[in-house]
Amino acid sequence: MNTKHLIHPEDFTVQELNQLIQIAQNILEDPQDYKNICKDKILATLFYEPSTRTRLSFESAMLRLGGNVLGFSDASTSSVSKGESIVDTIQVISSYADLAAIRHPKEGAPKLASKYSKIPIINAGDGGHEHPTQTLTDLFTIYMKKGNIKDQKIAFCGDLKFGRTVHSLIRTLCRYNIKEFILISPDELTLPYELKNKLIEEYDVKLQEVSTMEEVIGEIDILYMTRIQKERFFNEADYERLKNSYILDSSKIKLAKDDMIIMHPLPRVNEISYEVDKDPRAIYFEQASFGVYIRMALILKLLGVDCTCLK
Ligand code: CP
């Protein structure tokens, strides 16, 4: 049997994505039903790059399913520091765990690992490329807060060049037939040209590019904020020049619809003022909490655990 991996969001059909969302909702409603379902299963979390939410929500997900977790959160404490390749590492880990979530600064590293792995590999973020499990979290959040995914007008704001969460989510939303996106970014941090072309040519989407939040905030259903990705810049001066490009504060959200939601994959730096947190439209911490349930659903799917009998 072919081992199923999640490297790109396209590895799942829209029907499979919807099934994951349904399972995540079932788990959220009845977590007790799932508490031993992965007994004796082990998740490896191999994080070659820092993380709070992705790694810990994966670990929380596996523990809540009754399974176990091993791994590293700092590659310098592993044999990577002695020069071991990811190809060798994964061939070893394949006999220690039942599936592995890998975050790596190099684009394509989880995909390379998947070619040598006997166990399912999950891309937990690879460089500025993709972050498919954040996409699952975002889809589940939109579904839970808005009731459906397809009829939303969404604006993405901030670092659209390096923001891997945006790259993965926007392509996936195209598959849900969202035909119009609003992109708000500095000229130097626009969505990569190849991705923009792909969206237009393959999905026939309309992309409106603007330079300020104020000109569109009154007409959108979802505002997806992102931080300027300091770690991907080649020089500090460029980061310093761009880091304050967009700051969402109370004066700006006064212009927004009452039912607009503000999402952010987190971590935040300064792009959302703390005063915004108490606005009911600010749902980014709830979004992070949804990440646990959708990752529980993903673990079950990749391990082939049949939970249809539970509902
Ligand atoms: N959203 C996200 O990927 O957060 P972490 O970098 O903390 O995992």
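The values are calculated or read from the model by the stated rules, or taken from the named source; none is laboratory data. Because the structure is a prediction, the values reported are computed rather than measured. Ideal geometry is used to build each Cβ from the backbone, glycine not excepted, and the neighbour counts take in all protein chains shown. All accessible areas refer to the heavy atoms of the entire protein, side chains included, with ligands and DNA or RNA removed. Shrake-Rupley method; radii C 1.70, N 1.55, O 1.52, S 1.80 Å.
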Q: Can you tell me the FRET efficiency between Asp249 and Glu188 if r is taken as the Cβ-Cβ distance and R0 is 30 Å, rounded to the nearest 0.05?
A: 0.85
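Just the accessible area per residue of region 132-288, please: how many Å² with a 1.4 Å probe?
Numbers: 6750 Å² over 157 residues.
Averaged over the residues of region 132-288, the accessible area is 43 Å².
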Q) Ordered by packing density, taken as the mean number of other Cβ atoms within 10 Å over each peptide's residues, highest first, how do 98-109, 211-222, 186-197 rank? A) 98-109, 211-222, 186-197
**Q.** region 102-125 and region 180-219: distance between their alpha carbon centers, rounded to Å
**A.** 29 Å
Q.
As a test of the formula, what do you get for the chain when each DSSP H run with n ≥ 4 contributes -39,500 (n - 2.57) and the sum is divided by the residue count, at 222 nm and rounded to the nearest 500 deg cm²/dmol?
A. -11000 deg cm²/dmol
Q: Collect residues whose amide H, placed 1.01 Å from N in the peptide plane, falls under 5 Å from the amide H of Gly67; neighbours closer than 5 in sequence don't count.
A: Cys38
Q: Within region 209-257, report the chymotrypsin sites (Phe, Trp or Tyr not before Pro) that DSSP leaves as loop and that have at most 16 other Cβ atoms within 10 Å.
A: Phe234
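Which FRET efficiency, nearest 0.05, do Glu219 and Gln19 yield, Cβ-Cβ r, R0 30 Å?
Details: r = 32 Å, r/R0 = 1.08.
After rounding to 0.05, the efficiency reads 0.40.
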Q.
Under the rule a/c < 1.5 gives rounded, and otherwise a/b versus b/c splits prolate from oblate, where does region 1-79 land using the Cα gyration tensor?
A. oblate
Q.
Can you compute log10 of I(q)/I(0) for region 132-288 with the Debye formula, treating each Cα as one identical point scatterer, at q = 0.13 Å⁻¹?
A. -0.55
(Q) Please report, ordered by residue number, every helix of the chain (full DSSP H runs) that is 20 Å or longer along its axis going by C-alpha atoms and whose mean Kyte-Doolittle hydropathy reaches -1.0. (A) 14-29, 132-146, 284-303
Q: Of all alpha-carbon pairs in region 1-156, indicate the percentage at a distance above 24 angstrom.
A: 35 percent
Q | Accessible surface of region 132-288 [probe 1.4 Å, protein heavy atoms]: carbon and sulfur percent | A | 49 percent
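Sequence gap at least 6, Cα distance under 8 Å: using those rules, report the relative contact order of region 132-288 to the nearest whole percent.
Working: 256 pairs, mean separation 37.9, N = 157.
Worked out over region 132-288, it gives 24 percent.
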Q: With the Cα gyration tensor of the chain in hand, convert its eigenvalues to equivalent ellipsoid semi-axes via √(5λ) and list them largest first in whole Å.
A: 32, 23, 18
Q) Roughly how many nanometres apart are two label points built 7 Å out from the Cα toward the Cβ at Tyr239 and Ser211? A) 2.5 nm
Q: Would you mind calculating the gained length between Tyr96 and Tyr274 on full extension (0.36 nm times residue separation, minus the Cα-Cα distance), in nm to one decimal?
A: 59.8 nm
**Q.** Label-point separation in nm, Ser289 to Asp151, each point 7 Å along Cα→Cβ
**A.** 2.7 nm
(Q) Using 0.36 nm times the number of residues separating Tyr176 and Asn2, minus their current alpha carbon distance, what extension gain do you get? (A) 59.9 nm
**Q.** Portion, in percent, of the accessible area of region 52-109 that falls on carbon or sulfur, probe 1.4 Å
**A.** 47 percent
Q) From largest to smallest, what semi-axes in whole angstrom does region 264-311 give when each is the square root of 5 times an eigenvalue of its alpha carbon gyration tensor? A) 33, 12, 5
